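Engineer: Attaching a single structure in structure tokens format; questions to follow.
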Amino acid sequence: MFKQRRSLLKSAAAGATLGLLPGVGALGQANYPSRPVRFVVPYPPGGGTDVIARIAQTRIAESLGQQVIIENRGGAGGSIGTDVVAKSAADGYTVLFTLSSHTINAAIYPTLPFNTERDFVAISQVASLPQILVAHPDYPVRNAQDVVKLARSKPGTVLYASVGNGTPGHLAGELMALTAGVQMTHVPYRGGGPAVADVLANHMSLLWVSIPAAAAQVKSGKLRPIAVSTLKRAAGFADVPTMAEQGFPGFEVDSWYAMFAPAKTPAPIIDRLHKAAVFACAQADVREKFMQQGAEAVGGSPADLERIVKAEIVKWAKLAKDAGIKAD
């Protein structure tokens, strides 16, 4: 009888503990992280998201005291890798490191295997930077108005690439065409690396892409910079004019890179990851490397990132409707 009573008391205590600590237990949260953390980048290697993630990787790992492993899962404008994280355990060991297409996809894909707001919890905005319009040096354009003139003279023949449907580059191209009243044809790629490679090989003439994916080629003269998508010129690329400076007043597509975790990840773990992101963004080497890519370090709070997500879902839904943007 005594043994049975003691067993029942242990069961009750265990049940109470689990009830108070859903998901990851208190011990797991206190010891987090106790093994390597996987960062899923939903784009192929070599693209802007991959570049920014790898710059921050070492310092984030230093703060966490554990190895950070980057796993590239490209495709469907970032949706494939994003879905991997949405369906992962909410234990802090799988983190989404993504581009601002995270808020765009909800506007252009009729169905997604995840809910952009409900299935994720914000950790931190890590960096912010413009998109850049680049051309193969042999293509007969030197500025944004040259592109418009060519598109107007030969409707439908001007092709521009981006890293996929629903990415900031896609939105920048559509906004450019809508504002100028011309027809341009979007060609989505699976990431910045493959898109840049095709422009370098002259298989594609124009590309809207995040600056890190094309920075080295622009600096070496292998790609011709045409414009950046923000209202001010990019850090480290001050000689590249904005779209607004070239006859597109108010033109702005601001890209950001950020970290998210699966919904229901415990708050102490989110706080630990946020502190690691802030630590990385405060380091001089990270800030310098970001600047070389035309990016600015941010290290924002989870609440700030949540506000950005909510506002941009509304913003991009309107643009998608006005421009008739849909996933191919």
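Engineer: Quick one: which residue in Ala238, Ala258 is surrounded by fewer than 21 Cβ atoms within 10 Å (Cβ to Cβ) and within 30 Å of Arg59 (Cα to Cα)?
Structural biologist: Unique residue meeting the criteria: Ala238.
Engineer: Continuing with this model, one more query. Would you check if there is a residue in segment 90-108 being at pLDDT 95 or above and in a helix (DSSP H, G or I)?
Structural biologist: For segment 90-108, residues at pLDDT 95 or above and in a helix (DSSP H, G or I): absent.
Engineer: Same structure, new question: With the checklist (1) without any contact (Cβ under 8 Å) to a residue 24 or more places away in the chain; (2) assigned to a loop (DSSP other than H, G, I, E, B); (3) among the aliphatic types (A, V, I, L, M) in hand, flag the one item Leu112 doesn't pass.
Structural biologist: Unmet condition: (1).
Engineer: Tell me which residues, restricted to segment 87-116, are within 22 Å of Ala127 (Cα to Cα) and of a type outside the set (Val, Ile, Thr).
Structural biologist: Residues satisfying the conditions are Gly92, Tyr93, Leu96, Phe97, Leu99, Ser100, Ser101, His102, Asn105, Ala106.
Engineer: Something else about it: All but one of (1) among the charged types (D, E, K, R); (2) surrounded by fewer than 20 Cβ atoms within 10 Å (Cβ to Cβ); (3) within 19 Å of the chain's Cα centre (by Cα); (4) in a helix (DSSP H, G or I) hold for Asp50; which doesn't?
Structural biologist: (2)
Engineer: Here is a follow-up. If you scan segment 241-251, which residues turn out to be in a helix (DSSP H, G or I) and either touching a helix residue (DSSP H, G or I) at 6+ places or on another chain (Cβ under 8 Å) or surrounded by 24 or more Cβ atoms within 10 Å (Cβ to Cβ) (or both)?
Structural biologist: Gln246
Engineer: Still on this model: Can you say whether Thr58 is under 13 Å from the mean Cα position of the chain (by Cα) and either assigned by TED's automatic domain parsing to the domain that holds Ala26 or surrounded by fewer than 24 Cβ atoms within 10 Å (Cβ to Cβ) (or both), as far as the supplied structure shows?
Structural biologist: So Thr58 fails the test.
Okay, residues lined up against (1) touching a Pro at 6+ places or on another chain (Cβ under 7 Å); (2) within 19 Å of Val41 (Cβ to Cβ); (3) assigned by TED's automatic domain parsing to the domain that holds Ser101; (4) surrounded by 21 or more Cβ atoms within 10 Å (Cβ to Cβ):
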{"residue": "Val158", "(1), (2), (3), (4)": "no, no, no, yes"}
{"residue": "Ala161", "(1), (2), (3), (4)": "no, no, no, yes"}
{"residue": "Gly164", "(1), (2), (3), (4)": "yes, yes, no, yes"}
{"residue": "Ala195", "(1), (2), (3), (4)": "no, yes, no, yes"}
{"residue": "Asp198", "(1), (2), (3), (4)": "no, no, no, no"}
{"residue": "Leu231", "(1), (2), (3), (4)": "no, no, no, no"}
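Residue by residue, here is whether (1) assigned to a helix (DSSP H, G or I); (2) at pLDDT below 95; (3) not assigned by TED's automatic domain parsing to the domain that holds Leu171 holds:
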| residue | (1), (2), (3) |
| --- | --- |
| His274 | yes, no, yes |
| Arg287 | yes, no, yes |
| Gly294 | no, yes, yes |
| Glu306 | yes, no, yes |
| Glu312 | yes, yes, yes |
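Engineer: Could you give me the residue pairs with C-beta distances under 7 Å whose first residue belongs to segment 242-253 and is over 13 Å from Ile132 (Cβ atoms), whose second residue is aromatic (Phe, Trp, Tyr) and in a loop (DSSP other than H, G, I, E, B) wherever it lies, and which are 6+ apart or on separate chains?
Structural biologist: Ala244/Phe251
Engineer: Of all the residues that make up segment 241-292, how many are within 30 Å of Leu178 (Cα to Cα) and either of a type in the set (Gly, Ala, Ser) or under 19 Å from the mean Cα position of the chain (by Cα) (or both)?
Structural biologist: Number satisfying all stated conditions: 10.
Engineer: In segment 123-143, which residue that is crowded, with 23+ Cβ neighbours inside 10 Å and among the aliphatic types (A, V, I, L, M) is farthest from Gly173 (Cα to Cα)?
Structural biologist: Ile123
The values are calculated or read from the model by the stated rules, or taken from the named source; none is laboratory data. Predicted, not measured: the structure shown is a model, and the values here were computed from it. Neighbour counts are summed over all protein chains in view; Cβ atoms, including those assigned to glycine, are modelled from backbone coordinates with ideal geometry.
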